[in-house]
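Taken together, the values in this text are just the output of simple stated rules run on the coordinates, not laboratory data. Bear in mind that the values here come from a model prediction, so they are computed numbers and not experimental data. Cβ placement follows ideal geometry from the backbone for every residue including glycine, while neighbour counts extend to all protein chains displayed.
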Amino acid sequence: MKGIILAGGMGTRLRPITKTCSKQLLPIYDKPMIFYPLSILLNSGINEICIVSTPKDLPEFKKLLGDGKKFGIDLTYFKQLKPVGIADVFNVTRKFIKDSSVTLILGDNIFFNFDKDQLKCGDVDGARVFCKEVSNPQRYGVVEFGQNKMINKIVEKPSNPPSNYAVTGLYQYDKNVIDYVGELKPSKRGELEITDLNNLYIKENKLHSVMLQKATDWFDTGTFSSLFEASKYVHQYQMKNKKPIGSPEVAAINSGLVKKQEMLKILSKENNQYSEFIYQTYKK
């Protein structure tokens with residue numbers, strides 16, 4: 001299993017704050033947004049990960065995360081020259097995927113209290129989409145279920161939702177995903193749509209749904225309000241529990257990718273509040 005974080009796009013809905021900075025580099029309380037999806041992958045033990053972003057923003061991600069050795073992973077980077085749809089990420093990362101199954105997580109999707117056991121680390125059969133029950137399904141891609149949690153179809157922003165389950169920005173695909181993407185045609189807005197890709201798996205009866213637990217909180221941080229709410233969530237959690245959340249350093253320790261003492265040694269040399277908070281929490 002390999003991991004992909006898509007951190008592209010222009011972030012136009014968040015202008016002017018994204019005019020000089022990638023949306024996925026904006027702070028969610030005390031850490032950059034991309035730390036949170038990276039932590040999801042690390043918690044599941046995925047150690048081959050790539051980040052896809054624009055030519056303008058990619059150097060900033062490299063400066064932030066480096067080659068991944070700090071987290072015990074192999075981290076690589078790919079340029080998406082134009083934002084032509086989420087499914088295009090598989091064309092961009094073709095050489096990275098090769099014959100592996102792959103987990104794709106969108107860089108602006110944040111999950112808290114995520115059950116790492118729901119994310120498969122080995123090969124998957126077909127494709128898996130992670131769904132969350134929401135109170136306003138009209139805003140999302142919504143699933144219509146058949147038998148055995150299989151999906152009959154996905155309806156984009158329906159006026160009459162067939163269910164209350166929205167498709168989140170977390171997906172897993174088998175090694176055939178590159179072939180499926182090759183069958184896609186650009187939509188009316190000129191993009192290779194992730195929903196169209198999922199519909200190809202539906203036709204083969206190979207799209208499985210994974211129901212996120214009620215305790216799992218999900219933020220799609222594409223608006224100012226969601227940015228604020230996610231930051232408030234992290235602040236309140238960390239103040240109450242006296243431990244970090246959404247930290248790739250902690251995820252690397254918990255998943256065994258890096259030994260605790262090795263990480264603490266690294267953190268002890270970083271002179272900032274973020275690293276000091278983690279160090280003081282885990283030095284005991």
FRET E, pair residue 135, residue 283, Förster distance 51 Å, beta-carbon r, rounded to 0.05: 0.80
Antiparallel content of DSSP bridges confined to the chain, in %, to 5: 55
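For each of 209, 187, count neighbouring Cβ atoms within 10 Å of the residue's Cβ, then give the residues from fewest to most. Walk me through the intermediate numbers first.
Working: 209 19, 187 13.
The most exposed by this proxy come first: 187, 209.
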Alpha carbon centroid spacing (whole Å) that separates region 163-182 from region 257-272: 35
Helical mean residue ellipticity (222 nm; -39500 (n - 2.57) per DSSP H run of 4+; nearest 500) of the chain: -8000 deg cm²/dmol
Members of 63/98; 116/269; 19/259; 31/120; 70/120 lying beyond 28 Å, as alpha-carbon distances in this model show: 116/269; 19/259
Distant-in-sequence amide H partners of residue 140 (H built 1.01 Å from N, under 5 Å): 157
Assigned charges on the beta-carbon of Lys, Arg, Asp, Glu; region 185-284 dipole about Cα centre (debye): 400
Among 96, 224, 35, residue whose mean-square fluctuation peaks in a GNM of the chain (springs only between Cα atoms under 10 Å): 224
Global form of region 45-102, assessed from the alpha-carbon gyration tensor, a/c cut-off 1.5: oblate
Reach of residue 203 by Cα under 17 Å, taken over aspartates and glutamates that are not fewer than 8 positions away in the same chain: 125, 144, 174, 179, 183, 193
Positive-end residue, the chain charge dipole about Cα centroid, Cβ charges, pick of 92, 253, 278: 278
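In debye, nearest 20: dipole of the chain around its Cα centre with unit charges on the Cβ of K, R (+) and D, E (-)?
Details: 41 positive and 30 negative charges, 145 e Å.
With Lys and Arg at +1 and Asp and Glu at -1, about 700 debye.
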log10 of Debye I(q)/I(0), alpha-carbon scatterers only, for region 169-210 at 0.31 Å⁻¹: -1.25
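Can you bin region 1-44 into rounded, prolate or oblate? Criterion: square roots of the alpha carbon gyration tensor eigenvalues sorted a ≥ b ≥ c, rounded for a/c under 1.5, prolate for a/b above b/c, oblate for the rest. Please list the in-between numbers first.
Details: a/c = 4.02, a/b = 1.77, b/c = 2.27.
Oblate is the answer for region 1-44, as a/c is 1.5 or above yet b/c matches or exceeds a/b.
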Debye-sum result for region 230-284 in log10 I(q)/I(0), which assumes one identical scatterer on each alpha carbon, at q = 0.29, 0.31 Å⁻¹: -1.21, -1.28
Gained length - residue 79 relative to residue 157, 0.36 nm times residue gap less alpha-carbon distance: 25.1 nm
Distance histogram in 10 Å bins (all Cα pairs of region 127-284, percent per bin): 9, 28, 26, 22, 14, 1
In degrees, nearest ten, helix 194-203 long axis to first principal axis of the chain (Cα): 50
Residue 208 long-range amide H proximity, modeled H, under 5 Å: 127, 128, 129
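Provide the gained length on full extension for the span residue 211 to residue 147, in nm with one decimal, where the gain is 0.36 nm per separating residue minus the Cα-Cα distance.
Values: separation 64, 0.36 × 64 = 23.04 nm, distance 1.42 nm.
Roughly 21.6 nm would be gained on extension.
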Gaussian network model of the chain, springs between alpha carbon atoms under 10 Å - residue of 205, 176, 241 with greatest fluctuation: 241
Highest-fluctuation residue, 67, 179, 115 considered, GNM on the chain with Cα pairs under 10 Å: 179
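For a quick check of your reading of the filter: which trypsin sites (Lys or Arg not before Pro) in region 1-106 sit in a DSSP loop and have no more than 12 other Cβ atoms within 10 Å? Don't skip to the answer; put the middle values down first.
Details: sites: 2, 13, 19, 23, 56, 62, 63, 69, 70, 79, 94, 95, 98; in loops: 19, 56, 98.
Listed in order of number, the matching sites are 19, 56, 98.
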